[in-house]
Structure formats: C-alpha cells, structure tokens
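Peer 1: Have a look at this one before I ask anything.
The values are calculated or read from the model by the stated rules, or taken from the named source; none is laboratory data. Quick caveat: nothing in here was measured; it's all calculated off a predicted structure. Glycine also receives a Cβ, built like all others from the backbone with ideal geometry; neighbour counts cover every protein chain displayed.
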Amino acid sequence: MTGAYPVPDDDEERLVDLATYAVAHVRDPELDAMAAAARILLDADYGLVSFVDRREQWFGGRSGLAVDGTPREQSMCSHAILEDDTMVVEDASKDVRFHDNPLVTGDLQIRGYAGAVVRSTSGLPLGTVCAIRREPGPFEEEDVQRLRGLRDAVEALLHARRQSLLRLVESERDHV
Amino acid sequence: MSELDADGRPELVRAAHDAMAGDAALDAFAEAVRSVMGTSMAIVSLVDDTTQTPIGRAGYDGGPAPRDTVFCTTAIQQADMLVVPDASQDERFQKNPFVTPEGGIRFYAGAVVRAPEGQPLGTLCTFDPQGQEPAPDQLDRLRMLRDVFEMVLEKRLCG
C-alpha cells in the first residue's frame with residue numbers, strides 16, 4: 001500500500017471547499033494553540049491541525065514537532081477524513097495501512113493516533129485535529145470526547161475567519 | 001484580605017502556575033490572541049494576591065507587576081471579559097502607570113480564565129499603544145481561545 005492513499009468520492013468538491021479556507025502553506029497562530037491543546041488534552045507527544053490537500057497535507061497548527069506538512073500518501077489524516085467523526089489507531093506500527101509509513105518507521109516514531117474530522121460549513125471533510133503518541137496504547141473515551149470538543153472549537157474558528165475573509169473580499173469588490 | 005482572595009484563590013493561582021509553567025502551549029496561546037486581535041502584544045497572565053505574572057508571551061518582555069497597577073486585576077473581577085478601547089479616555093485607567101508614559105497602553109482586551117470551580121485566576125489578554133474597537137467576531141474568537149485554554153488548564157490541574 002506504500003504510495004497509495006484513499007480518495008473520497010467527493011474529493012474534487014472537497015478540495016474546492018478547502019481552497020476557500022486559504023490554509024495551504026499557511027501556519028496559523030490560532031491553530032497552533034489548538035494543536036498545543038490537543039497535545040496536552042490527550043497526553044500526546046504531538047498535536048496537529050492538518051488539512052488534506054490534493055497532494056499534501058498542511059499542518060495549519062502544530063505542537064511538539066517542527067514539520068510543516070507531508071506528502072498525502074504519508075498522511076494518516078487522509079485516512080481519517082474518510083471516517084464520519086473520529087479515527088483512533090492504537091499502534092500504527094501494527095496497522096497494515098501505516099506500518100511502513102516513514103512517519104511511523106522514522107524519527108517521528110508515530111504509534112498512537114487519535115484524530116477528529118474537521119468539516120467545512122457544507123459538511124465536507126477538510127482535515128483533522130489530531131493527537132499523536134510515540135508510545136502505542138488505547139485512547140480513553142474521555143480523551144476522544146475532549147478531542148471532539150477541540151474539533152468543534154477549530155471548526156468555529158475556521159468558519160468565523162472564513163466569514164471575515166469573505167466580508168473583506170466583498171467590501172473590496174464594492175470599492176472597485 | 002481583599003474579597004477577591006477570600007476563597008483560597010491565591011493558592012489556586014500558584015497551583016495553576018506550577019501546573020503550566022514552561023509549557024510551549026502558553027506562548028502559543030499568547031501568539032494566537034495577538035493574531036486574532038491584530039495587536040502588538042499579548043500575554044497569558046496569572047494574578048495572585050499581590051502580583052500579576054505573565055506566563056505566556058507574544059511581543060511582550062515585561063516581568064511580574066504589582067497587582068494594583070495592572071488591567072488584568074480589573075479584568076478578573078468581570079464576569080467574562082474587559083475591553084478598553086482607549087485607556088486615556090477611561091477614568092479607571094487614565095492615570096495608570098502603563099498608560100501615562102509616552103507610547104503607553106491605549107487598547108486592552110482580556111478574557112477571564114477561571115479554575116474548574118469558577119474562581120478567576122488570570123486572563124488571556126492583549127494590549128497595544130494604538131486604541132481600537134474590536135469587532136464582535138474578534139471577541140468571540142478570543143472567548144473561544146479562553147475556553148480551550150481553560151480545558152487545558154483543567155487537564156493540567158486535575159490530570
């Protein structure tokens with residue numbers, strides 16, 4: 001499965017939606033704070049807010065690691081966005097989808113993963129807020145519930161910011 | 001003892017300090033506040049019975065300050081937040097030592113950070129030499145950051 005990743009049926013539509021959030025290549029201080037919260041709330045080593053783009057995933061917010069993104073085929077989040085709500089992996093090194101992933105076999109040493117799907121206002125998956133551990137093991141339901149709460153906050157922030165962006169574009173247009 | 005400190009609040013503030021000190025998340029939250037509000041400085045601040053201590057910073061190098069000189073002490077006595085568009089026009093702050101010098105503070109916005117039991121511990125706050133009127137959605141985003149920060153603090157305090 002190396003080099004392959006699942007593509008949702010509505011991927012094109014999803015990517016159009018994602019583009020309106022203007023998150024590619026952008027690191028965002030608000031999302032960094034959310035990523036730090038994910039790391040702490042789930043007793044994790046890394047926290048991320050990841051957006052799954054056509055060929056890459058962008059870390060709009062990150063905590064505990066210094067990587068801006070990865071190719072989509074290395075992205076655990078690109079699997080998570082196929083789920084309705086959350087994806088939990090107890091040990092990525094023993095999961096056929098991820099065992100030979102460089103993020104798992106390499107220095108980042110990813111084992112435990114819990115991600116909650118972040119959606120656009122029209123309900124399409126944009127990415128995840130996720131917490132990642134270097135040690136394998138289960139995530140408590142209480143932890144996953146906290147992650148859902150954080151996801152709701154991330155969505156609210158993204159939607160509010162997109163709203164102000166759209167207002168700005170409209171007022172520029174009125175001036176032309 | 002001030003009414004503000006009647007319920008063991010200073011001890012809770014010190015516990016919050018010990019639980020959070022040194023975590024990179026603190027500066028991340030300060031940066032987030034600065035970004036949301038479009039200001040030059042933001043801090044995560046704790047206020048005990050004598051002193052305000054910045055525990056997370058963005059664009060601000062100041063150290064601890066006496067409690068009776070800082071905006072955050074007024075902020076933590078509010079239900080939700082304190083917004084001061086222009087401190088030089090606000091009789092509570094126009095003689096304040098952070099306001100009166102050349103280039104002093106004009107704008108302040110701080111959201112109250114509470115302990116799980118509700119006691120006010122400090123703020124997520126921002127300030128700037130330029131006065132400003134924040135938009136409602138900026139204040140909503142500041143509240144959201146505060147709410148998430150309180151979740152983090154509760155996790156660190158209660159495990």
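Peer 1: When both residues are 6+ apart or on different chains and their Cβ atoms are under 6 Å apart, which pairs have a first residue that lies in segment A:17-28 and is touching a residue at least 24 places away in the same chain (Cβ under 8 Å), and a second that is in a loop (DSSP other than H, G, I, E, B)?
Peer 2: Pairs that qualify, where the first residue is touching a residue at least 24 places away in the same chain (Cβ under 8 Å) and the partner is in a loop (DSSP other than H, G, I, E, B), are A:Asp17/A:Ser120; A:Asp17/A:Leu124; A:Ala24/A:Asp53.
Peer 1: So which of B:Arg67, B:Arg14 is in contact with a Ser or Thr (Cβ under 7 Å, 6 or more places away or on another chain), surrounded by fewer than 20 Cβ atoms within 10 Å (Cβ to Cβ), within 15 Å of B:Leu121 (Cβ to Cβ) and not β-branched (Val, Ile, Thr)?
Peer 2: Values: B:Arg14 fails: in contact with a Ser or Thr (Cβ under 7 Å, 6 or more places away or on another chain).
Going through B:Arg67, B:Arg14 in turn, the sole match is B:Arg67.
Peer 1: I'd like the full set of residues that are in a helix (DSSP H, G or I), hydrophobic (A, V, I, L, M, F, W, C) and either on the phi > 0 side of the Ramachandran plot or touching a strand residue (DSSP E or B) at 6+ places or on another chain (Cβ under 7 Å) (or both), limited to segment B:32-50.
Peer 2: Start the filter on segment B:32-50 by keeping residues that are in a helix (DSSP H, G or I), which leaves B:32-37.
Still in the running and hydrophobic (A, V, I, L, M, F, W, C): B:32-33, B:36-37.
Selection gives B:Val33, B:Met37.
Peer 1: How many of the residues making up segment A:110-149 are within 21 Å of A:Asp17 (Cα to Cα) and in contact (Cβ under 8 Å) with a residue 24 or more places away in the chain? Let's see the steps before the verdict.
Peer 2: In the first step, residues of segment A:110-149 are kept if they are within 21 Å of A:Asp17 (Cα to Cα); the result is A:115-130.
Checking which are in contact (Cβ under 8 Å) with a residue 24 or more places away in the chain leaves us with A:115-122, A:124-130.
Qualifying residue count for the region: 15.
Peer 1: Restricting to segment A:63-87, what's the tally of residues that are buried (at least 22 other Cβ atoms within 10 Å of the Cβ) and within 23 Å of A:Glu141 (Cα to Cα)?
Peer 2: Number of matching residues: 6.
Peer 1: Residues of segment B:105-146 being within 14 Å of chain A (Cβ to nearest Cβ) and among the basic types (Lys, Arg), which ones?
Peer 2: Once the filter is applied, which keeps residues that are within 14 Å of chain A (Cβ to nearest Cβ) and among the basic types (Lys, Arg), segment B:105-146 yields B:Arg141, B:Arg143, B:Arg146.
Peer 1: Quick check on this structure: which one of A:Asp91, A:Asp95, A:Asp100 is farther than 30 Å from B:Leu26 by Cβ and touching a Gly at 6+ places or on another chain (Cβ under 8 Å)? Spell out how you get there, then give the answer.
Peer 2: Working: A:Asp95 fails: touching a Gly at 6+ places or on another chain (Cβ under 8 Å); A:Asp100 fails: touching a Gly at 6+ places or on another chain (Cβ under 8 Å).
Unique residue meeting the criteria: A:Asp91.
Peer 1: Here is a check on your reading of the model: is B:Asp147 at pLDDT below 95 and outside any strand (DSSP E or B)?
Peer 2: On the way: at pLDDT below 95: no; outside any strand (DSSP E or B): yes.
Considered against the rule, which asks whether it is at pLDDT below 95 and outside any strand (DSSP E or B), B:Asp147 comes out as no.
Peer 1: Could you grab me the full set of residues in segment B:77-95 that are in contact with a Lys or Arg (Cβ under 9 Å, 6 or more places away or on another chain) and of a type in the set (A, V, I, L, M)?
Peer 2: Within segment B:77-95, B:Met81, B:Val84, B:Ala87 meet the criteria.
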